[in-house]
1. Identify all residues within segment 28-41 that are modelled with pLDDT of 95 or more and surrounded by fewer than 16 Cβ atoms within 10 Å (Cβ to Cβ); write none if there are none.
2. Only residues that are over 21 Å from residue 140 (Cα atoms) and modelled with pLDDT of 85 or more: list them for segment 91-115, please.
3. Please go through segment 240-265 and pick out each residue that is touching a Leu at 6+ places or on another chain (Cβ under 8 Å) and polar (S, T, N, Q).
4. Would you point out the residue of segment 138-158, among those that are of a type in the set (S, T, N, Q) and under 16 Å from residue 118 (Cα atoms), that is surrounded by the most Cβ atoms within 10 Å (Cβ to Cβ)?
5. Can you find even one residue in segment 170-183 that is within 18 Å of residue 224 (Cα to Cα) and assigned to a strand (DSSP E or B)?
6. Only one of (1) farther than 25 Å from residue 19 by Cβ; (2) under 42 Å from the mean Cα position of the chain (by Cα) fails for residue 417. Which number is that?
7. Go through the residues of segment 249-266 one by one and say whether even a single one is under 19 Å from the mean Cα position of the chain (by Cα), surrounded by 20 or more Cβ atoms within 10 Å (Cβ to Cβ) and touching a residue at least 60 places away in the same chain (Cβ under 8 Å).
8. Please verify whether residue 161 is more than 19 Å from residue 187 (Cβ to Cβ) and either touching a residue at least 60 places away in the same chain (Cβ under 8 Å) or surrounded by 21 or more Cβ atoms within 10 Å (Cβ to Cβ) (or both), treating the condition exactly as stated.
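The values are calculated or read from the model by the stated rules, or taken from the named source; none is laboratory data. Being a predicted model, the structure only gives us computed values, none of them experimental. Note that we place each Cβ from the backbone using ideal geometry, even for glycine, and neighbour counts take in every protein chain shown.
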Amino acid sequence: MVDQDPNPKSTFRPLSNRRRVNAKILRFSLAMGALGLTLTIFVYSTTFYDEFRSARTTNQRTLSEIRCTDFRCDSSAFTTDQETGPDYILDSYTRYFLETPVSSNERPERFPWLDFTDIGFIRKFHQPMSFGTPDFETWRLYSRQATLSGRTAEVVVGYQEKGPSKMIDTPPSLLQNVDDKLKAEADKIAENLARSPLPAINSKFSADGFAIAYADTEETVLRGPWLPAFFPKSKLLPTPGIRFYVAKSALYAAESDTNGRLTVTSVIRLGDLWQLLTIASFTFFTVSVVARWLARRFLRNYFAISDSQVPSLADALRSGESQRVEFKRGFPLDEHKTDRAYSEFLESIAAFGNTNDGAIFLGVDDTGVVKGLQLDYKKRDLLEQRIRTVVRNHVKPAPPFQVTFEEVKGLLVARIAVARGTAPAYLLHGVIYIRDGSSDIQAQPEHLSKLMAEYSF
């Protein structure tokens, strides 16, 4: 029905639907950006599949090659194996490191969870002493204090007296010369620490092995070639599985495995952190922008109608025609037939689009009695296409709407749900209609000012 009320009391939505739809589009675009980022991470991670598989194979092979009983571990099969081994091998019973990585310019990474050294063990060698390791080697060790970045550190150096790599054991008569060289080496390292934060990784050292650790935290600062070391009892062992971490501006993954006593860890470098963050940011931003453009172009009406508050047929029959409900007996399928019902239907479409969410029910008379539509499935499709065509041809721009069908006691009813649109106004043949109670009326100047205020809100 259409009235010309000079002073209508129209009801407008208090919050701009445009902003609600824009917020849904933003959430959608961010979700698509997150999905694109997730897919990028997945694809990138698949490029390291072979490395992860190799790390797991290396760890399992190492666990099978080392045999430990009581306080001893036989690692002869491992040390003679020509295959690349893991970065860390730790006997959890004795807390003894059978293998640690050597810091180098080529492999500067370390695993933070295992990068600690028992300071109490190091301090036993402030005077040079021989030490028999759990894996049947004998080392001459010497340690001294040093200052590193204003903190107390311990420097330990070592010489292998006896081991698989030594063809001739060191005779006791040469130990004094070994001690002198170890002291000189430790002093040189301490002097280097006093001049610079750390000695160059590629510096040449005459000792068979060395390490530097902070005295307060027991954190290993630098490792040279391997020498005997113990993992502090106060530190927790890593659990089996993969851990990701950042070190020296790079992203790493550590694959840890255990057989109950030995814990072995292989470190995999995944890439430069800043490059990865750049790729991730670019992917997220690009996908989000593209998704937002596509959503604004193709999905705006979908978001508007999905967010609409449209009454159901049951609610409409209880309430009757109202601010959100309009009943129509039918709609002409003949495209050449344009009667009064045809015009009133389009006026209701435009009025709901300009005012508030609402629904037009075809097959219900003005008194709320369901009369039904005599339509088979083919004619249902024809009716829906007919409605879409006439709305798009006559209402500019076409508001968001959706056509569905319901049956009540065997009678077919079509529901045309119309959402309050996101455009400033929807015009039918150049005229703006609004919903006022159960009537569709032409907008007056005061209505236009409300429409513009709502759009800009």
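1. Passing the criteria: 30, 31, 34, 35, 38, 39.
2. Scanning segment 91-115 gives 91, 92, 93, 111, 112, 113, 114, 115.
3. 249, 258, 259, 263, 265
4. 143
5. no
6. Checking residue 417 against (1) farther than 25 Å from residue 19 by Cβ; (2) under 42 Å from the mean Cα position of the chain (by Cα), the one that fails is (1).
7. Yes, segment 249-266 has at least one match.
8. yes
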